[in-house]
Amino acid sequence: MGDELELLPRVKAVLALGRFAHEAYLKHLRTTGISLTLRQYPFAHGASHVLPHSIALFDAYHPSQQNTFTGKLKPEDLDRVLRKIRATINT
C-alpha cells in the first residue's frame, strides 16, 4: 500500500470501502510513523475523520452483493459519501 500512496503526493481524501480497508489504511499510517490508534477513528458508514497528516478519511460500507442486495448499502447512501468527499477536496 505504501508504494502506491507515495505516488500520490497531493491526496486530500481517502475513501475506505469497508471496515477492513479503513483499518488497513490506519495501520499503514502507523508504519509511516504517524501516531494514532484505531479506537481514535472508529469505522462507521458515512463517517469522516481528519487524520494527523491532514488527509480526510471517509468511510462507506463495501459495495459487495451482500451489502447491496440486503439493502445495507443503497446507491443514495454511497452518493452522499461521495458528495462529502467532493466538497472536501474542492475547498
Looking at the structure I just gave you, is residue 72 farther than 26 Å from residue 8 by Cβ, surrounded by 12 or more Cβ atoms within 10 Å (Cβ to Cβ), at pLDDT 95 or above and not aromatic (Phe, Trp, Tyr)? yes
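Residue by residue, here is whether (1) in contact with a strand residue (DSSP E or B) (Cβ under 6 Å, 6 or more places away or on another chain); (2) β-branched (Val, Ile, Thr) holds:
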{"residue": "4", "(1), (2)": "no, no"}
{"residue": "16", "(1), (2)": "yes, no"}
{"residue": "57", "(1), (2)": "yes, no"}
{"residue": "65", "(1), (2)": "no, no"}
{"residue": "75", "(1), (2)": "no, no"}
{"residue": "85", "(1), (2)": "yes, yes"}
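The values are calculated or read from the model by the stated rules, or taken from the named source; none is laboratory data. Note that the structure is predicted; figures quoted are calculated from it, not measured. Neighbour counts run over all protein chains shown; Cβ positions are idealised from the backbone, glycine included.
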